[in-house]
1. Say whether the condition of being within 23 Å of residue B:150 (Cβ to Cβ), open to solvent by less than 40 Å² (accessible area, probe 1.4 Å) and assigned to a helix (DSSP H, G or I) is met by at least one residue in region B:87-97.
2. Among the residues of region A:8-25, is there at least one that is at pLDDT below 95, buried (at least 19 other Cβ atoms within 10 Å of the Cβ) and outside any helix (DSSP H, G or I)?
3. Only residues that are out of contact with any Cys (no Cβ under 9 Å at 6 or more places or on another chain) and more than 11 Å from chain A (Cβ to nearest Cβ): list them for region B:545-569, please.
4. How many of the residues in region B:466-479 are assigned to a helix (DSSP H, G or I) and either more than 7 Å from every other protein chain (Cβ to nearest Cβ) or open to solvent by less than 20 Å² (accessible area, probe 1.4 Å) (or both)?
5. Among the candidates A:390, A:468, A:453, which residue alone is within 20 Å of the chain's Cα centre (by Cα), within 30 Å of residue A:523 (Cβ to Cβ) and at pLDDT 95 or above?
6. Scanning for something modelled with pLDDT of 95 or more, more than 27 Å from residue A:323 (Cβ to Cβ), among the β-branched types (Val, Ile, Thr) and part of a strand (DSSP E or B), does region A:508-524 turn up at least one residue?
7. Determine whether residue B:493 is away from chain A (no Cβ under 13 Å), closer than 30 Å to residue B:565 by Cα and either open to solvent by 10 Å² or more (accessible area, probe 1.4 Å) or not β-branched (Val, Ile, Thr) (or both).
8. Evaluate region A:99-108: report whether one residue or more is modelled with pLDDT of 95 or more, more than 23 Å from the chain's Cα centre (by Cα) and either hydroxyl-bearing (Ser, Thr, Tyr) or part of a loop (DSSP other than H, G, I, E, B) (or both).
2 protein chains.
Amino acid sequence: MASQKSESAMSPKITGELLRLLRQTMRNCKYFSEPIHAYIVPSGDAHQSEYIAPCDCRREYICGFNGSAGTAIITEQHAAMWTDGRYFLQASQQMDSNWTLMKMGLKETPSQEDWLISVLPENSKVGVDPWIIAADQWKNMSKALTSAGHSLVAVPDNLIDAVWTDRPERPSTQLRTLGLEYTGISWQDKITKLRAKMTERKISWFVATALDEIAWLFNLRGADINYNPVFFAYAIVGMNSIRLFVDLKRLSDPVVRDHLQLDSPSLPELSIQTFPYESVYTELQAICAALGPRDKVWICDKASCALTQAIPKVHRSPIPYTPLCLAKAVKNVTEIKGMKMAHIKDAVALCELFAWLEKEIPQGNVTEISAADKAEELRSQQADFVGLSFPTISSVGPNGAIIHYRPLPETNRTLTVNEVYLIDSGAQYIDGTTDVTRTMHFGTPSAFEKECFTYVLKGHIAVSAAIFPNGTKGHLLDSFARAALWESGLDYLHGTGHGVGCFLNVHEGPCGISYKTFADEPLEPGMIVSDEPGYYEDGSFGIRIENVVLVVPAKPKYNYRNRGSLTFEPLTLVPIQVKMMNTELLTQKEKDWVNEYHRRCREVVGAELERQGRMEALQWLIRETQPIM
Amino acid sequence: MASQKSESAMSPKITGELLRLLRQTMRNCKYFSEPIHAYIVPSGDAHQSEYIAPCDCRREYICGFNGSAGTAIITEQHAAMWTDGRYFLQASQQMDSNWTLMKMGLKETPSQEDWLISVLPENSKVGVDPWIIAADQWKNMSKALTSAGHSLVAVPDNLIDAVWTDRPERPSTQLRTLGLEYTGISWQDKITKLRAKMTERKISWFVATALDEIAWLFNLRGADINYNPVFFAYAIVGMNSIRLFVDLKRLSDPVVRDHLQLDSPSLPELSIQTFPYESVYTELQAICAALGPRDKVWICDKASCALTQAIPKVHRSPIPYTPLCLAKAVKNVTEIKGMKMAHIKDAVALCELFAWLEKEIPQGNVTEISAADKAEELRSQQADFVGLSFPTISSVGPNGAIIHYRPLPETNRTLTVNEVYLIDSGAQYIDGTTDVTRTMHFGTPSAFEKECFTYVLKGHIAVSAAIFPNGTKGHLLDSFARAALWESGLDYLHGTGHGVGCFLNVHEGPCGISYKTFADEPLEPGMIVSDEPGYYEDGSFGIRIENVVLVVPAKPKYNYRNRGSLTFEPLTLVPIQVKMMNTELLTQKEKDWVNEYHRRCREVVGAELERQGRMEALQWLIRETQPIM
C-alpha cells in the first residue's frame, strides 16, 4: 500500500471569505510584530506524521484539497497550492478559482521559493508555523528567501487555527498498554538500550518527536490518528531522566499508571516525569539552559523547526534516523511471532473474502465498496482485531490503474466476471500489522492481462527469493522487481517496498526497496518490508502483487569474507491467482517458488481455517493452491 | 580496468632530512606571513586528474608512497599519510618510520580533520596549496578546522616544490590535431553548442579545468600524462570570447595554429585568444572584475579551490558535471565508428596474444611481464596505435586476486597450465580507446574456478543484455551483475563499470555502473561504459570479464508511456573462454547470448584477421568461437 488519501468531495470549497480573514490575520500585529506578506501552510502535523488527525488538516481547511501531499501559500494577491502528479485532477476539482494549482514535476511549474521571489515586493516577510515545518525544509526555504532579500519568519500562533472557527479538538483517545507477550521487551529495557547508544556516541539527551517511535518506546498504543495506533506525545530522555509530554488526563487510567510505574518506579533512573503535551518547548529550553559546554542533544533532522531550534546549535546533533527508528525496525522474536500470527488471521479473512466474491460476483451485487466492507467485516471477526491499517484500495478494471484509488460512491464500480479486480488492504491486530495486495479475475483474463500479471509475478519472486550479502541496502534490490517488465518495455512508477510496523504504522523507516531512496539503512534480519511490484494500464486495469516479507539469514553454498547472506521469508500467506499466470513465461525456478509458496499457504492457513471451522474458505484455499506444472 | 598505480620500489624512502627541510619552509615567513603548524599534501594535480605527471607526484616525493590515492599531512611533530585498503601493504613498505600510516576505513583510524584537531596546539594554521585541493574538499576541511579554533590557509607557493631540488619539468609534449574524420564535429561547433547551453541557463562564462574536457573541446590531444592523451591547459569561454591557457611554445606548430585558426579566425566570436598556462588566475580575476551584477560563471565543483575562489561567490555557479563532460560522454556516429574500429584492431592483437600464449606457456618461458610486453607489441602493430590506455594488469594465480595488481620484477610469476591467467589491458588508438579483461586457463581449470567464472559470466551477460527504460541511471543496473554471485554467497568489492573516453581517458564521467555512485547521470544512446564483474579468491585466483559496451536503443514488445528503452551493444569482440564455463549453470538464454557474441567475434574480427593475414590467430579465433550446446 502506497499512499493515504484520495478524493472525497469533488465540488470545490468556497474560499473567498476564508482567504479574506486569513489575510487580515497576516496583517494583524497581534500574531507577528510586522505584517506578513506571505504565509506557508504545509501538509503535516507537529510530528511530521504521514497520516494526520482532522485538527491538523489545515491545508485542506484553507484550500479544500484533501490529498496526502500539498503545500499552500497565500500572499496579499495570490493563493497557490503545490501538489504532485497523483493529485492534479483531484486538486483542480476541490479548489475554487481563488487558487492556482501548481503542478509539481512539470518543467514550467516554479518552485515555491522561485514563485515567492517572483511575486513578493522587496524585503518581504514570509511566515510559517515553525511546528509544522521540518527543520531541513525551513533551512532550504530560509536560505533561498534570504538570498533574494526576503526573510522567513516563525509565526508562533498558527494563522489557519486563528480563522478556523469549528476546528476539531486534538484527539486524546484511551491509551492501550502492551505487555511482554506482545512486545518481547519492556519499555525499561528499551530505555536502557537507548541510553547505551547515547553513551556510545557521547550524547546527553535525546528528543523523540515521531509518534510511532514514542508509542514503540513506551509499549503504549493510542487511536489519535485513523489507521495508525499512535497518540500525541513527545519524549525527552537523558541519562537519568525520562520526560513524557502527553495530555495528562490520559494518565489517570490505573492500568497505564501501573504500566509506566508512575507511582512506584523500580529505579530512580527509570522514573518517568510527566508533563502536559504543550510544555515540551519550555522544558526542552530549560534542559538546554543547563547543558555543559560539551553536551550534545540528538534530534531527528525531520523534526519540527520549532523544537530543533529550541536546542542551541552547539548542542544540536541532528540525525537522519533516530536510534528508536532503527531499533523499532528490527523486530524481536516475540514481534515476529505476533506478525506471523496476524498474517495468518488476515489470510483467513482474505480466503473467506475471495471464496465469497467468487460466489457473489456472478449475481452482480458486489461493488468496490461492498467488497471492501466485506473484507473489513471478515477481518473484524479475527482475534485481537483493532481496525484497518489504511483505507482499503478496492478497484475494478480502469479504477485499478489509479495507483492511489479509494472507492467513493461517485466512482464505485460493480465487480464482474469481465474485469480484473485489485484489492490492497490490511489491518491492525494487537499482535501485528498487515498489508497485502492481490489481483484476481473472476472470469477469463485476456492474454495481455495474464502476460502483465506474469511479469509482475516474476518481479515479485525475484525480490522475494533474492539472496544478498549482509549490509545490502534495500534500494539495491529494486531493479530485480522490474527486470522482467523492463525486458518487455513495461514498468511501474512507484517504489517496490516499504518498512512495516508491528501493531504500528503500515509505513515506517528506515528501510525499504525503492530506486528513489539512497538514504535507507541496510537490511538486517528481523526487518519487515513489503514486496509490491505492479503494472498499470491506464483506462483498462491495474495489477499489483504484494506480500509483507521478513528479512532472514540465508545459507548459500559459500560465505564470501564471512559476510553472511540474507533473504526474505513471506509473512503474507494468501494464494496468488494461478488463473492470472501465463505459466509458459515462468522458469522452472519460478514455478517451484509458486508451488512452495502455495504449499505453505495451504499448510499454515489451511490449519487455521480448519481450526476456525471455515470450510468453504478452506475448499477455496485447497483449490487455489494446486501445484502448477 | 579500475585503478592506476601499484608497487614499484618496495624499500622505504628515507625522509628524515626532507621532513626537516619541509618544516623549515613551514616556519619561513617567505611563504606565508605566519608560521604554518601543519601542511596538507593531497594526491592530485591542479586539474584533479586521476593520473598525474611526475612533476605533480608531490605526495610520493615527500613520503615515498606512490599509490594512486593518499593524502600526507606534516606537522612540527608528526607526519601521517591516509590511504585506503588497496594500499595498506604497499604504503607500509614504501614509507619509513618518520611516517604514521593512517588506514582509512578502519574504525580506529581518525579522519584527517579529527587527527589534526587532536595533535595541533590551539589556534593553529593549517596550510595547503589551493591549486591542488578541490573546492569541495577545502570547504569541508576549513569548516571542521574553524569549528575547533584553527584555520585552513592557502599557501600560494607549493612547499613541497620549495624543497624538491630535482623536480621534473611540467611536460609540454607536441599537440596532435584531430580532424572531423575522428571527431565528427569541429571545435567551433562544440563551442557553439556550449554557448547554447550557457544561454539556456543564463550563464556568462564557463571555466574548463579538466584536461580531458579541454582536449575534447578543441579536438586536440597531447601526451603530458602517461596513458592519458591530454595536455596541461585551461580554457575560459564567454559568449564572444574563447581563452586558451597553455604553454605558448606548443602553439608555434603551424598545423596547430591552422587547426585553431589562430591567425585567421573565421568569425570574431570563434577567435581564440591564447595565454600562458600560468596566467589563468589573473585572467579569470580580470574577467570577474568586469562582470555585471547578474552575470554567472560555471565551474565544476571538483575544480581547484584557487580557481573557484577567484570567482566572487555571487557570480559563482558550481556544477557537479560540466556541459563538456556531459557532451563528451555521448559519442557521435564518427566517434562510435572509431571506437568500433579500435576495438576490432584491439581484438586482433588479443587473438594473436592468446594464440601465442597457448603455444608458449607449455615451454615455461612466459611471465606476467613478458605476456604484458607481448600484448603491447602486438597492439603497437595495429594502425593508429598511440600507446597503452593504462598499465597492463597481467596476473597469474594468486596475483590475479589482487585487484589492482601490476607485475613487477619482484612479484613476476611464470604462466603455467596449472593456474588461471587474468589480463586487463587496453590501448589508445587515434580512433578510439580500449579496455578489456579476459580470464583464461591454459590447462584444465578446477570445478570451483569454472563455477566462479560462470557466475561472473552470468553477471556480465545480465548487464550486457539488460533492457531498461530511457532515463535509467547506471547504478540501478549494478545488482544485475551480482545476482548470480550473491545467490551462491559470493561477491566482488568494486563497481561494475565506468565511462570510457574516445581516444581520451579510459575512466571518465558522468555515467557508470556502481552501487556506490548515486550522482551518475542517466544512460543515453551513444554513451560508452565498461561491464566488468569479477570474483577474487584471495591467495588463489582472480576472475574478471570485461567488455566495453555502447548504449543503444532497444525495441522491446511494448513501449510504456512512450519512454523508449535502451540496452547495450558490446564493442569489445574477444572470445570468452568456453573452457572456463560450467555450461550446466547457464540458462538457454545465456547460452544463446554467448553463441551470438562469439558469432559476431568470428564474423567481425575474423574478417580483419584474414585481411591482415594473421592466420594462426584466425584459426584460434575460429576454434574459440565454436557454439556451445
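The values are calculated or read from the model by the stated rules, or taken from the named source; none is laboratory data. Treat the numbers as computed from the prediction; the structure is a model and nothing was measured. Ideal geometry is used to build each Cβ from the backbone, glycine not excepted, and the neighbour counts take in all protein chains shown. Just so you know, the surface numbers come from the protein's heavy atoms only, side chains and all, with ligands and any DNA or RNA stripped out. Shrake-Rupley method; radii C 1.70, N 1.55, O 1.52, S 1.80 Å.
1. Within region B:87-97, the first condition is being within 23 Å of residue B:150 (Cβ to Cβ), and the residues that meet it are none.
No, that holds for no residue.
2. no
3. Residues satisfying the conditions are B:545, B:546, B:547, B:548, B:549, B:550, B:552, B:553, B:568, B:569.
4. Filtering region B:466-479 down to residues assigned to a helix (DSSP H, G or I) leaves B:474-479.
Retained after the next criterion (residues that are either more than 7 Å from every other protein chain (Cβ to nearest Cβ) or open to solvent by less than 20 Å² (accessible area, probe 1.4 Å) (or both)): B:474-475, B:477-479.
Residues that pass the stated criteria total 5.
5. On the way: A:468 fails: within 20 Å of the chain's Cα centre (by Cα); A:453 fails: within 20 Å of the chain's Cα centre (by Cα).
Just one listed residue meets the conditions, A:390.
6. The answer is no; no qualifying residue exists.
7. Numbers: away from chain A (no Cβ under 13 Å): no; closer than 30 Å to residue B:565 by Cα: yes; either open to solvent by 10 Å² or more (accessible area, probe 1.4 Å) or not β-branched (Val, Ile, Thr) (or both): yes.
Answer is no for this residue.
8. There is at least one residue in region A:99-108 that is modelled with pLDDT of 95 or more, more than 23 Å from the chain's Cα centre (by Cα) and either hydroxyl-bearing (Ser, Thr, Tyr) or part of a loop (DSSP other than H, G, I, E, B) (or both).
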